[in-house]
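This report concerns only the one structure given below.
Any read-out appearing in this document is the output of simple, stated calculations on the displayed coordinates, not a laboratory observation. The structure presented is a predicted model; accordingly, all values stated were derived computationally and were not measured. Here the Cβ positions follow ideal geometry from the backbone for every residue, glycine too, while neighbour counts run over all protein chains shown.
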Amino acid sequence: MSRAGDLELWSAQDAADLRRLYAALEDEDLTGALLAVEGAARDLVEPVRRRLDRWAVAVADRLEGEVHGPAAAQALRAVLVDEVQLKGETEDYYRPRTCHLSAVVQIRRGMPILVSAVWLIVARRAGLEAEGVGLPGHFIARVGAPRPALVDPFERGRPLDEAACKTLVAELTGGQLPWEDDFLAPVSDVALVQRVLRNLLNIAEKTNDGRLLYRAAHMLARLAPEQPEDQLRLCAVMEAIGATPSAMRAYGRVMRRFAGHEAAEKARERLERLRRDPPTEH
């Protein structure tokens, strides 16, 4: 394990959680992957799974015959919104628990991506087709087949169509981002987990939580070793929390691994600056 001052950066438990994350993604187990991301205690795992299973059974009981999108959305809404009272968190948004599956299942509130993840997990366990859709700045779900329906789980399963999605993106980006049809492309579970980790990074920065900041950055970098931006982000996090020697070694690895890429030049510039002007310890 490593430390920055009195801050433990990466513990044996973190390493175990990363192994759990790899295994869950390999098994296409979104529940297990999200529980590993949050580092859920072992005694939480089965209660969370059992509750999600109960919700899925309740949804399946409402389904008959061919389940096209609107019918699937209606069944999910009847259970997850009307009965369970699952909704978006609007008052205490920037807290790690809004990105923790176990907390969202317990308190029935969370960030858009976690509330959507619950919809996906329950829908799939009920035998429905379901996939995430990562709009810029907002995460939604597509459920049912052969005529799938778009819904906004954060807004209590509000039905959406392409026009509504265009309006939503325009509102979230201040009209600065032109619409692209690819915005409605399905998001893999791996990409969903990466987006959750980026949300946790943002929360850690806002709350000045160095431990969470490093953990999320490290997991993200390990999940996407081919992404130079994620490797540079981990280097920058090491700097931010005072782990300068580790940051310098990490910048060196980025330079070697991504030689010829813009990221290698950025890493070289940062490494030279640290060598020339090392931070003063207080």
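Annotations
- Between the range 164-185 and the range 51-124, the Cα center-to-center distance that results, in Å: 24
- Within the same chain, aspartates and glutamates fewer than 8 places from Lys87 are excluded, and of the rest, those with a Cα less than 18 Å from its Cα are Asp152, Glu155.
- Cβ crowding within 10 Å averaged over residues, with 78-87, 103-112, 46-55 ranked highest first: 103-112, 78-87, 46-55
- Per-residue packing, averaged as other Cβ atoms within 10 Å, sorts the ranges 170-178, 182-190 into the order 182-190, 170-178, beginning with the highest.
- Cα-based values for the range 168-250, radius of gyration first and Dmax second, are 15.2, 44 Å.
- Residue list for the range 244-259, given a label point 7 angstrom along the Cα-to-Cβ vector of Glu269 and an amide N cut-off under 15 Å: 255
- Once C-alpha pairs closer than 8 Å and six or more residues apart are averaged by separation and normalised to the residue number of the chain, the relative contact order reads 15 percent.
- Shape annotation for the chain: C-alpha extents along the principal axes are 68, 46, 35 Å, from largest to smallest.
- Per-pair calculated FRET efficiency, R0 = 25 Å: Arg54 and Gln85 via Cβ, rounded to 0.05: 0.95
- The shape of the range 40-187 comes out oblate: with a ≥ b ≥ c from the C-alpha gyration tensor, a/c is at least 1.5 while a/b does not beat b/c.
- Counting Lys and Arg as +1 and Asp and Glu as -1 over every other residue whose Cβ lies under 15 Å from the Cβ of Val122, the net charge comes to +4.
- Nearest-0.05 FRET efficiency for Leu177 and Asn202, computed from C-beta distance (R0 22 Å): 0.75
- Nitroxide proxy distance, nm - points 7 Å out along Cα→Cβ at Tyr94 and Asp277: 2.7
- Dividing the C-alpha radius of gyration of the range 51-90 by 2.2 N^0.38 Å, with N its residue count, gives 1.19.
- Rounded FRET efficiency, nearest 0.05, which uses the C-beta distance separating Tyr22 from Arg158 and R0 of 25 Å: 0.10
- Springs join every pair of Cα atoms under 10 Å in this Gaussian network model of the chain, and among Thr90, Thr98, Thr31 the largest mean-square fluctuation is at Thr90.
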